[in-house]
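Taking it in order: structure first as structure tokens, then the write-up.
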Amino acid sequence: MDLDTVKERAGPRQFSPKDDMPQEYREAATRMIQFHANSEVMGGYLEKPFIRQAPSLDRKLAFSAKVQDEIGHAQLLYRAAESLGVKTRDEMLDELAEGKGKFLNCFHYPMKTWYEVPMIGFFVDGAAMRRQATLKSTSWEPYAHAMDKVCFEEGFHVKHGEDMLRELMTSSKANQERTQEAFEEWWPRVIQFFGPVNSQSTHHGFAAEVGLKTKSNDELRQAFLNTYIPKAERYGLEIPDTPEIIYHEDEGRYEVVEEDLDWDQFWTIAKNDYDGSYEQIGSRADRQEAVEWVREQMDSYETAHSGTAPQAAD
Amino acid sequence: MIWEVFRQEKPGGYHRHVGNVHAPDREMAKLFAQIQHGRRMQTHSIWVAPQDEISEVDDEDTSFGGTTDKAYRWAMTYNRVDASGIQEVVESEAEQRAAAKKREAAKKEEADS
Ligand SMILES: [Fe+2]
Ligand SMILES: [Fe+2]
């Protein structure tokens, strides 16, 4: 299929592995899905140590299920990315370990306390879910199918995240203050989740033309702010003064004062060059290496039995 | 030879198991699947797979708690928060609710039979 035909036919779930897609499409889709898959892995690893810190058995059950889901999302997404035929799952996992794989800004920041957990569990998952809901109508069918399953599970993540926030903000004054502190630290990062404004986004144009993306970063950020600012306020959180957010009532639109955000840090993170990047990528790479022997065993088993095994990979 | 048949109604949808056909080879299986499952209902695509190549585990085999109550996994459990303002969460919860209903109905059917 040539690129013009792709752009003409672009629509929800239009293209599948049966279609002969041009290299440009396959590379753009791989870049996008690999980024998404990497983010699921890195989010899961960031949260995992907090399973142990859960304040109750109920929270521990819910939170460990949530972390398990995130790793599962990564597996679904690496499959969807693999189906484009550009990179194998092993290649993508190695790239992540080597610091070449890119992932969401929020997961480059180390987490220290339980008060930060709802910042991820409610606000970051909430932002991610807003975006993922729109990706149910992406043009790469295996990606859309992965989103069906992911969004099914995310309702639990976001509601449980909100419940953690509610619990903290209705408990002692000291807890409320610590939660507010965590919120102030995370809020600018969450706003940057949706990246820079459209004019600065390098890949948006093409991804939108071929139907991979259905909403712009700015549209997503608007929808997020519309929903989550009132949520934060309802629980008594105070929205920090910076970045300044101006609400234009006549247009029903929020304007984020971009200069108030630290874009140098954002772009350093985008290059995996922030202190936290090295920490997070490094600790995950160590764990990948620690289970290398399992992978090797499985690979040699698969090769030894390849005469009789069906094409299990597909 | 028995071939399991999976039918996809519309492009972009899922292939769902609809039954099986008895056929001597893959080509014949595809032909029979078309006649039995494709022609009668709206169909966009059909997969056939040899029955031997399909493996199953059920809730009696699994050690990870096939039918164990996992209420902590469902959005419906967290009722002290009001998610009605977040459209995508509402949709996800509705899907989970529908899945729970289906599970209940299946359980009841099994108990009645
Ligand atoms: Fe996820
Ligand atoms: Fe999540």
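The values are calculated or read from the model by the stated rules, or taken from the named source; none is laboratory data. None of these values were measured; they are calculated from a predicted model. Quick reminder, even Gly has a Cβ in these numbers, built from the backbone with ideal geometry, and neighbours come from all protein chains shown. Remember, those area values only see protein heavy atoms, side chains included, never the ligands or the DNA or RNA. Shrake-Rupley method; radii C 1.70, N 1.55, O 1.52, S 1.80 Å.
For region A:58-125, the ratio of Cα radius of gyration to the globular rule of thumb 2.2 N^0.38 Å stands at 1.33. Projecting the Cα atoms of A:His36, A:Thr170, A:Leu104 onto the charge dipole of chain A, computed from C-beta unit charges around the Cα centre, puts A:Thr170 farthest toward the positive end. Here r is the Cβ-Cβ distance between A:Lys60 and A:Ala290 and R0 is 22 Å; the resulting FRET efficiency, rounded to 0.05, is 0.35.
With a 10 Å cut-off around each Cβ of A:160-167, the average count of Cβ atoms from other chains is 4. To make sure I understand the rule: partners must be lysines, Cα under 17 Å from the Cα of A:Lys213, and not fewer than 8 residues away in the same chain. Which ones qualify? Result set, ordered by chain and number: A:Lys7, A:Lys136.
Projecting the Cα atoms of B:Tyr78, B:Ala98, B:Ala111 onto the charge dipole of region B:71-112, computed from C-beta unit charges around the Cα centre, puts B:Ala111 farthest toward the positive end. Accessible surface ranking for B:Val57, A:Val117, 1.4 angstrom probe, highest first: B:Val57, A:Val117. Considering every alpha-carbon pair of the protein assembly as shown, the percent of pairs per 20 Å bin, from zero through the bin containing the longest distance, is 22, 56, 21, 1.
Protection proxy ranking, highest mean first, for peptides A:95-103, B:11-19: A:95-103, B:11-19, where packing is the per-residue count of other beta-carbon atoms within 10 Å, averaged. On a 31 Å Cα-Cα criterion, which of the cross-link pairs A:Lys159/B:Lys108; A:Lys149/A:Lys173; A:Lys18/A:Lys48 come out too long? In this structure, A:Lys149/A:Lys173; A:Lys18/A:Lys48 lie more than 31 Å apart at Cα. For region A:179-285, the solvent-accessible area of protein heavy atoms averages 49 Å² per residue (probe radius 1.4 Å; ligands and nucleic acids excluded).
Comparing A:Thr138, A:Thr113, A:Gly85 along the charge dipole axis of the protein assembly as shown, the residue lying farthest to the positive side is A:Thr138, per the Cβ-charge model. Of the whole protein surface, B:Thr68 contributes about 80 Å² of accessible area at a 1.4 Å probe radius.
With the helix formula -39500 (n - 2.57) applied to DSSP H stretches of n ≥ 4, chain A reaches a computed 222 nm mean residue ellipticity of -19500 deg cm²/dmol. When you restrict to C-alpha pairs under 8 Å that are six or more residues apart and normalise by the size of region B:2-53, the relative contact order lands at 48 percent. The listed peptides A:63-73, B:90-100, ordered by packing as a protection proxy, come out as A:63-73, B:90-100 (highest mean of other Cβ atoms within 10 Å first). Remark: the protein assembly as shown carries a charge dipole of roughly 1180 debye about the Cα centre, counting +1 on each Lys and Arg Cβ and -1 on each Asp and Glu Cβ. Between B:Trp47 and A:Asp250, the FRET efficiency from the beta-carbon distance, with R0 = 45 Å, is close to 0.25. Neighbours of A:Gln53 by Cβ distance under 12 Å: Lys/Arg scored +1, Asp/Glu scored -1, total +3.
Annotation for A:Glu95 and A:Gln53: the two label points, set 7 Å from Cα along the Cα-Cβ direction, are 3.2 nm apart. Compute the helix-to-body angle for A:217-234: its Cα long axis versus the longest principal axis of chain A, expressed 0 to 90° and rounded to tens. Computed tilt is about 40 degrees.
B:Gln51 sits among other residues whose Cβ lies under 14 Å from its own Cβ, and their net charge, with Lys and Arg +1 and Asp and Glu -1, is -4.
Normalised by 2.2 N^0.38 Å, where N is the number of residues, the C-alpha radius of gyration of chain B stands at 1.45. Per residue, the accessible area of region B:2-53 comes to 67 Å², computed with a 1.4 Å probe over protein heavy atoms only.
In this Cβ point-charge picture (+1 for Lys and Arg, -1 for Asp and Glu), chain B has a dipole of about 540 debye about its Cα centre. Taken over the Cα atoms of region A:1-153, the convex hull encloses 106 Å³ per residue. Against the main long axis of the alpha-carbon atoms of chain A, helix A:23-47 sits at an angle near 50°. Computed from Cα positions, the angle between helix A:141-169 and the longest principal axis of chain A comes to roughly 20 degrees. Listed by chain and number, the aspartates and glutamates whose C-alpha is less than 12 Å from the C-alpha of A:Lys100, apart from same-chain residues fewer than 8 away, are A:Glu91, A:Asp273.
Computed over neighbours whose Cβ is under 14 Å from that of A:Ala133, the net charge equals -3, Lys and Arg +1, Asp and Glu -1. For the peptide A:58-65, the mean number of other protein chain Cβ atoms found within 10 angstrom of a residue's Cβ is 3. Using the Cα centre as the reference, give the magnitude of the dipole from point charges on the C-beta atoms of region A:212-314 (Lys, Arg: +1; Asp, Glu: -1; all else neutral), rounded to the nearest 20 debye. Around 660 debye, computed over region A:212-314.
Principal axis analysis of the Cα atoms in region B:2-53 yields extents of 28, 21, 15 Å, listed in decreasing size.
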